[in-house]
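The values are calculated or read from the model by the stated rules, or taken from the named source; none is laboratory data. The structure displayed is predicted, hence computed values, not measured ones. So basically every Cβ, Gly included, is an ideal-geometry build from the backbone, and we count neighbours across all protein chains shown. For the accessible areas, the whole protein counts, side chains as well, though only heavy atoms, and no ligand, DNA or RNA atoms are used. Shrake-Rupley method; radii C 1.70, N 1.55, O 1.52, S 1.80 Å.
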Amino acid sequence: MNLNFTAEDNAFRQQVRDFVARALPADIQYKVVNGLILERDDYVRWQAALHAQGWGGSSWAAEFGGTGWSAVKKYIFEEECAAAGAPRIIPFGVKMVAPVIMAFGSPAQQQRFLPNILSGQEWWCQGYSEPGSGSDLASVKTSAVRDGGSYVVNGQKTWTTQAQYADWIFCLVRTDTEVKPQRGISFLLIDMKSPGVTVRPIITMDGAHEVNEVWLENVRVPAENLVGQENQGWTYAKFLLGHERTNIAGIGIAKRELARLKRIASLEIKNGKPLIKDPLFSARIAQVEIDLVALEITNLRVLSAEEQRRTPGPEASILKIKGTEIQQAITELLTQAVGSYALPLRRDAMAAGYQGDAAGPFYATPLAANYLNMRKLSIYGGSNEIQKNIIAQMILGL
Ligand SMILES: Cc1cc2nc3c(=O)[nH]c(=O)nc-3n(C[C@H](O)[C@H](O)[C@H](O)COP(=O)(O)OP(=O)(O)OC[C@H]3O[C@@H](n4cnc5c(N)ncnc54)[C@H](O)[C@@H]3O)c2cc1C
């Protein structure tokens with residue numbers, strides 16, 4: 001197993017670096033690097049810039065307008081973008097529903113949906129979770145009953161990220177209640193403008209409106225919006241989750257946040273010296289950095305296996321757990337670095353260009369919200385407890 005990047009990989013890295021330096025709007029980069037609030041338009045502008053470069057579908061096959069990059073190139077691309085302060089690519093369209101439509105959708109669905117996902121013109125959200133169906137996803141209850149040329153959908157989705165921006169939602173719905181739960185699920189594409197769709201905000205403990213409830217009341221969905229075959233949705237859902245877990249380690253994001261931690265620890269003064277010179281604090285930063293380097297090597301091993309056409313298996317769970325622990329540890333150190341100034345939760349002061357009062361230095365303002373927000377990492381995309389179950393069963397054979 002060779003974990004070194006080739007000369008071609010390194011040249012590609014430089015190409016990505018040059019592109020991001022040229023194409024990433026400075027106002028968006030400023031928000032990302034300083035942990036400020038990003039708007040819908042920020043994500044859309046970045047996706048449009050990627051699309052203009054031909055890189056809108058970094059994980060897509062060339063036949064659908066994607067880059068056709070190898071797993072290593074995808075990794076380098078994501079790492080460089082994140083480290084330079086690009087916003088994350090909102091995954092629900094490009095990385096989740098698009099691969100499902102490519103693999104299982106009809107040619108008409110591919111033509112209708114894929115181009116607007118690539119350009120960022122249409123925003124998607126993910127309607128999997130329901131109250132009572134999160135880790136136990138196969139128990140979803142939202143029903144879809146066939147009525148002529150439509151399905152009539154009733155139920156409630158929850159934790160739906162950025163549904164307030166979405167044009168479309170892909171949903172797991174129950175189309176058969178008489179069989180084993182996994183066998184009675186279908187995968188439906190629903191227009192958010194359909195009569196009967198209501199989005200209700202959930203405000204999280206950091207004061208953000210990021211997630212929502214989506215209520216579906218007698219929503220008529222054309223039968224042509226069914227992906228693949230009726231009652232085969234569980235297969236497609238699992239396929240999608242496999243895509244959700246690629247690049248799950250968040251190495252680039254962790255590197256960027258580690259750089260932010262070092263920057264802040266250099267500005268904070270303790271006992272007349274920069275905090276970063278304090279032996280105890282710098283040892284804690286070093287520990288996180290060591291963990292991050294170890295995770296990076298593990299990630300490269302997984303990528304190396306992928307290059308040899310072995311699909312990523314349960315090792316993705318290790319990447320998820322360690323990646324989330326590292327990112328959460330960095331937010332803890334960030335708050336500790338500025339002490340009491342990191343305590344006030346000031347969402348208003350997190351807008352770029354805020355000119356009002358602030359307790360402490362400007363970099364302290366978003367830290368409370370950033371810390372609270374990052375708790376989500378170990379819950380979504382399969383909670384860390386569920387990932388540990390996977391490791392126990394599939395790697396350790398327990
Ligand atoms: C910020 C955020 C954004 C999200 N965005 C979306 C989205 O866009 N679309 C979407 O569909 N969903 C989304 N989710 C939902 C997410 O996928 C679920 O929250 C997650 O799968 C956990 O499900 P749950 O909340 O129902 O908790 P539960 O499944 O009820 O779990 C509660 C606790 O019990 C533990 N637990 C459960 N089962 C086991 C077990 N077998 N062994 C050990 N421990 C167990 C869990 O780890 C957790 O700690 C989002 C969640 C969050 C927090």
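Out of the residues in region 364-398 that are near the ligand (Cβ under 8 Å from one of its atoms) and in a loop (DSSP other than H, G, I, E, B), which is surrounded by the most Cβ atoms within 10 Å (Cβ to Cβ)? So the residue we want is 382. Filtering region 320-346 to residues that are open to solvent by less than 10 Å² (accessible area, probe 1.4 Å), under 19 Å from the mean Cα position of the chain (by Cα) and not β-branched (Val, Ile, Thr) leaves 320, 323. Is there a residue being under 25 Å from residue 91 (Cβ atoms), within 16 Å of the ligand (Cβ to nearest atom) and modelled with pLDDT of 90 or more anywhere in region 308-320? Looking through region 308-320, at least one residue is under 25 Å from residue 91 (Cβ atoms), within 16 Å of the ligand (Cβ to nearest atom) and modelled with pLDDT of 90 or more. Is region 335-344 home to any residue that is assigned to a loop (DSSP other than H, G, I, E, B), more than 16 Å from the ligand (Cβ to nearest atom) and within 29 Å of residue 322 (Cα to Cα)? The answer is yes; a qualifying residue exists. Looking across 126, 121, one residue alone is farther than 15 Å from residue 202 by Cα and near the ligand (Cβ under 7 Å from one of its atoms). It is 126.
Kindly check whether there is at least one residue in region 233-243 that is within 16 Å of the ligand (Cβ to nearest atom) and in a loop (DSSP other than H, G, I, E, B). Scanning region 233-243 turns up no residue that is within 16 Å of the ligand (Cβ to nearest atom) and in a loop (DSSP other than H, G, I, E, B). For region 131-188, the strands (runs of 3 or more DSSP E) that sit wholly inside it and include 1 or more residues that are within 12 Å of the ligand (Cβ to nearest atom) are 150-157, 168-174. Is it the case that residue 88 is open to solvent by 20 Å² or more (accessible area, probe 1.4 Å) and either in a helix (DSSP H, G or I) or without any contact (Cβ under 8 Å) to a residue 12 or more places away in the chain (or both)? It is false that residue 88 is open to solvent by 20 Å² or more (accessible area, probe 1.4 Å) and either in a helix (DSSP H, G or I) or without any contact (Cβ under 8 Å) to a residue 12 or more places away in the chain (or both). Scanning region 183-205 for residues that are open to solvent by 60 Å² or more (accessible area, probe 1.4 Å) and farther than 17 Å from residue 113 by Cα returns 183, 195, 200, 201, 203, 205.
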